[in-house]
1. Roughly speaking, what is the stretch gain from residue 14 to residue 57, that is 0.36 nm per residue apart minus the C-alpha to C-alpha distance, in nm to one decimal?
2. Apply the a/c threshold of 1.5 to the C-alpha gyration tensor of the range 3-58 and tell me whether it is rounded, prolate or oblate.
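Coordinate-derived values only; no laboratory data. Predicted, not measured: the structure shown is a model, and the values here were computed from it.
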Ligand SMILES: [Zn+2]
């Protein structure tokens, strides 16, 4: 399933959007973007990487695949 990460979802005033077939692919794109555009090395900051992973959304709509209570 396609995944999407937006800087806006992470609270950044940025229009960047990364998409990929898997979470790892999206994170890799987000890491590269964050380093180039925001000067943040997500690969060195595990906390931020986890935060980014949490901000990743399934890129499909209409699917009820997020059970309540999973977060945390
Ligand atoms: Zn950005």
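1. On the way: separation 43, 0.36 × 43 = 15.48 nm, distance 1.67 nm.
This chain segment gains 13.8 nm when fully extended.
2. Numbers: a/c = 1.42, a/b = 1.18, b/c = 1.21.
Since a/c stays below 1.5, the shape of the range 3-58 is classed as rounded.
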